[in-house]
Amino acid sequence: MSNTIWVVAQQRDGKLHKMSFEAVKAGQDLAQMTGGTVEAVVLGSQVSGAAGELAALDVATVRTLDHEALAEYTPGAYIGALDAAVSQLGPAYLVLPHTYQTVDFAPRLAKRLGAALVPEVIGLESDAEGPVWRRPVMSGKLEARVRPRNAET
């Protein structure tokens, strides 16, 4: 299995959503913890501007899924494009910014990939068994520490 971490950035009209920068930082933290490599992925049509912004960050590679069918966000198109790319290249982790768009498609993408999904992550730590994600529960009153199992087990 690959030790690559894909950060799926969100863009609109060639400009990155501000949460994409937080996702890149989370991917970098995960890479440092696991010894992995961070690659950024941006979907859309004519995304060279967003790809350039991502290339300026500390990522090993910027991958573009650039097609007219991705010009306007639709969950089906994004899921199809990401499913094909992930299935072909096999990154170990996907990190997505917490936006309305990713909340819309991430659960269906995880189901299609047979992968675990940990939403609303606010922190990351490690123990002897590997990464542990922290996320709020009970309207933020408590914090859960999560280690997902493979969704197919």
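The values are calculated or read from the model by the stated rules, or taken from the named source; none is laboratory data. This structure is a prediction, so every number in the text was calculated from the model and none was measured. FYI the Cβ positions are ideal-geometry reconstructions off the backbone, even for glycines, and counts take in every protein chain you see. These accessible areas exclude ligands, DNA and RNA; they are computed on the full protein's heavy atoms, side chains included. Shrake-Rupley method; radii C 1.70, N 1.55, O 1.52, S 1.80 Å.
Tabulated values for the structure
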| item | result |
| --- | --- |
| In Å², nearest 10: area of Trp133 left accessible to a 1.4 Å probe | 40 |
| Hits among aspartates and glutamates - C-alpha to C-alpha of Lys141 under 20 Å, sequence gap 8 or more where chains match | Glu120, Glu125 |
| Simple spin-label estimate for Thr99 and Gln32 in nanometres, 7 Å along Cα-Cβ | 2.5 |
| Linear extension gain, Asp13 paired with Val146, 0.36 nm per residue minus alpha-carbon span | 44.4 nm |
| Max mean-square fluctuation residue, GNM over the chain, Cα-Cα springs under 10 Å, options Leu54, Leu16, Leu89 | Leu89 |
| Within the accessible area of the range 1-119 (1.4 Å probe), percent carbon and sulfur | 50 |
| Leading residue at positive end of dipole, the range 16-137 (Cβ point charges), from Gly52, Val132, Thr37 | Val132 |
| Distance (nanometres) between label positions extended 7 Å along Cα→Cβ at Ala92 and Arg135 | 2.1 |
| Point-to-point label distance, Ser48-Arg108, nm (Cα→Cβ direction, 7 Å offset) | 3.1 |
| Potential lengthening between Ser126 and Ala69 on full extension [0.36 nm per residue; Cα-Cα distance subtracted] | 16.6 nm |
| Candidates Ser139, Ser20, Ser45, ranked by Gaussian network fluctuation over the chain, Cα under 10 Å, top entry | Ser139 |
| Net lengthening on full extension, Asn3/Thr61 (0.36 nm per residue, minus Cα-Cα) | 19.5 nm |
| Value of [θ]222 nm, deg cm²/dmol, for the chain, DSSP H segments ≥ 4, -39500 (n - 2.57) each, nearest 500 | -11500 deg cm²/dmol |
| Rounded if a/c under 1.5, otherwise prolate or oblate - the range 13-153, Cα gyration tensor axes | prolate |
